[in-house]
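Here the structure comes first, spelled out in structure tokens, and everything after it is commentary.
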Amino acid sequence: MLMEKRRHKRFRLDLIEINGRLSPADQVEIIDLSFGGVALKVDRRLNIGRDYVFKLGENGNSIDVNGTVVRCKLSAIEERFGERVSIYTAGMRFPDSSSDQIAAFIRNSILA
């Protein structure tokens with residue numbers, strides 16, 4: 001049996017409608033979210049080690065969280081409007097100081 005090594009529990013987003021926005025990407029899909037980071041699919045390559053402002057939104061509420069890209073790899077090629085678009089799977093780490101803000105946002109989203 002594999003032991004979970006993550007510091008923070010991951011929340012799958014099939015039960016709540018949280019979406020994300022990231023400045024260089026046109027399309028962002030959150031795979032899962034924790035107090036310490038987010039796994040996502042984006043249509044732009046993100047630079048590992050670079051900080052980005054990630055906007056979490058749900059039912060008109062939103063928060064901005066700084067995150068550092070810890071991984072990014074090409075995962076698919078999609079056809080959009082007759083053009084091929086590269087899709088990347090990325091992971092971002094949030095600073096420990098953001099965990100209370102993210103916890104409150106997730107809690108409010110689940111209870112809404």
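The values are calculated or read from the model by the stated rules, or taken from the named source; none is laboratory data. The structure presented is a predicted model; accordingly, all values stated were derived computationally and were not measured. Positions of Cβ are generated from backbone atoms using ideal geometry, with glycine treated the same way; all protein chains shown enter the neighbour counts.
Per the conditions (1) out of contact with any Ser or Thr (no Cβ under 6 Å at 6 or more places or on another chain); (2) under 14 Å from Asp51 (Cα atoms), the sole criterion not satisfied by Glu78 is (2).
The set of residues in the range 81-99 being free of Cβ contacts under 8 Å to residues at least 24 places away in the same chain and not aromatic (Phe, Trp, Tyr) consists of Gly82, Glu83, Arg84, Ser97.
To keep it simple, each residue is scored yes or no on (1) polar (S, T, N, Q); (2) at pLDDT 90 or above; (3) at negative phi.
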| position | (1), (2), (3) |
| --- | --- |
| Asp14 | no, no, yes |
| Glu17 | no, no, yes |
| Pro24 | no, no, yes |
| Asp32 | no, no, yes |
| Phe35 | no, no, yes |
| Lys41 | no, yes, yes |
| Gly49 | no, yes, no |
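For the range 32-43, state whether one or more residues are within 15 Å of Asn19 (Cα to Cα), small (Gly, Ala, Ser) and part of a strand (DSSP E or B). Within the range 32-43, one or more residues are within 15 Å of Asn19 (Cα to Cα), small (Gly, Ala, Ser) and part of a strand (DSSP E or B).
Here's the yes/no breakdown for (1) in contact with a Lys or Arg (Cβ under 6 Å, 6 or more places away or on another chain); (2) more than 17 Å from Arg21 (Cβ to Cβ); (3) in a helix (DSSP H, G or I):
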| site | (1), (2), (3) |
| --- | --- |
| Val65 | no, no, no |
| Leu74 | no, yes, no |
| Arg84 | no, yes, no |
| Met92 | no, no, no |
| Ile102 | no, no, yes |
| Phe105 | no, no, yes |
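Any residue at all in the range 66-89 that is modelled with pLDDT under 90 and surrounded by 15 or more Cβ atoms within 10 Å (Cβ to Cβ)? Checking the range 66-89: not a single residue is modelled with pLDDT under 90 and surrounded by 15 or more Cβ atoms within 10 Å (Cβ to Cβ).
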